[in-house]
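Engineer: Submitted below is the structure of interest, expressed as structure tokens.
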Amino acid sequence: MMPQAMHRPFPSIFLFSLMLSTAWTLASADRAAAAESDAAGRLFEMRTYTTAPGKLENLHARFRDHTNALFVKHGMALIAYWVPEEKPNTLIYILAYPDRDAREASWKAFMADPEWQRVWDASKKAAGGPIVTKIDKTFMRPTDYSPIH
């Protein structure tokens, strides 16, 4: 016969395990619901800018020194910026917004901002002409299994 003390911890360990498992399941369900809600609303925009030959550095300077701060000022979330190795005059970046309406409002305010208009004009003059020759946009929403929401 086993001593009585050996039997007492078992229910405590079992209950603790059950509580932990239940908490994990509830937390997972909460995370899944939050992800579903975020994915349904949050909008990502990938923008690809092609510059005139030799003007990519002018574009980098404009983003580095002015554009990024103005994007943030107008409610745009900066996600990342890339330069493709096989396309020397190209900048690709992604912005995020709570939803499509927020995107439209942010861009409208950004384009109307007197500081942006001043910076755009000054950078174009400093570069000796237009910097960007082509803009492509792609709107994206994350999948339910995406690590980003």
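The values are calculated or read from the model by the stated rules, or taken from the named source; none is laboratory data. Note that the structure is predicted; figures quoted are calculated from it, not measured. Here the Cβ is made from the backbone with ideal geometry for all residues, glycine too, and neighbour counts use every protein chain on show.
A quick yes/no check of all residues on (1) buried (at least 16 other Cβ atoms within 10 Å of the Cβ); (2) in contact (Cβ under 8 Å) with a residue 60 or more places away in the chain; (3) under 21 Å from ARG42 (Cα atoms):
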{"site": "ARG100", "(1), (2), (3)": "no, no, yes"}
{"site": "PHE110", "(1), (2), (3)": "yes, no, yes"}
{"site": "TRP116", "(1), (2), (3)": "yes, no, no"}
{"site": "VAL119", "(1), (2), (3)": "yes, no, no"}
{"site": "SER123", "(1), (2), (3)": "yes, yes, no"}
{"site": "VAL132", "(1), (2), (3)": "yes, yes, no"}
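Engineer: Take the residues in region 54-79 that are touching a strand residue (DSSP E or B) at 6+ places or on another chain (Cβ under 9 Å) and either modelled with pLDDT under 95 or of a type in the set (Val, Ile, Thr) (or both); name whichever of them is farthest from ILE94 (Cα to Cα).
Structural biologist: Filtering first and then ranking leaves VAL72.
Engineer: Among the residues of region 80-131, what is the count of those that are in contact with a Leu (Cβ under 7 Å, 6 or more places away or on another chain) and of a type in the set (S, T, N, Q)?
Structural biologist: Total meeting the criteria: 1.
Engineer: Could we say that PRO98 is modelled with pLDDT under 95 and out of contact with any Phe, Trp or Tyr (no Cβ under 6 Å at 6 or more places or on another chain) here?
Structural biologist: Against the criterion (modelled with pLDDT under 95 and out of contact with any Phe, Trp or Tyr (no Cβ under 6 Å at 6 or more places or on another chain)), PRO98 does not qualify.
Engineer: Among the residues of region 52-88, what is the count of those that are part of a helix (DSSP H, G or I) and under 23 Å from ALA112 (Cα atoms)? So that I can check it myself, show each step before the final result.
Structural biologist: Quick first cut of region 52-88, residues part of a helix (DSSP H, G or I) only: 56-73.
In the following step, the residues that additionally are under 23 Å from ALA112 (Cα atoms) were identified as 58-73.
Qualifying residue count for the region: 16.
Engineer: A follow-up question, please. Collect the residues in region 135-145 that are touching a Phe, Trp or Tyr at 6+ places or on another chain (Cβ under 9 Å) and either free of Cβ contacts under 8 Å to residues at least 40 places away in the same chain or in a loop (DSSP other than H, G, I, E, B) (or both), keeping them in residue-number order.
Structural biologist: ARG141, PRO142
Engineer: Here is a follow-up. Going through ILE148, ILE79 one at a time, which residue ends up being touching a Pro at 6+ places or on another chain (Cβ under 6 Å) and either without any contact (Cβ under 8 Å) to a residue 24 or more places away in the chain or surrounded by fewer than 16 Cβ atoms within 10 Å (Cβ to Cβ) (or both)?
Structural biologist: ILE148
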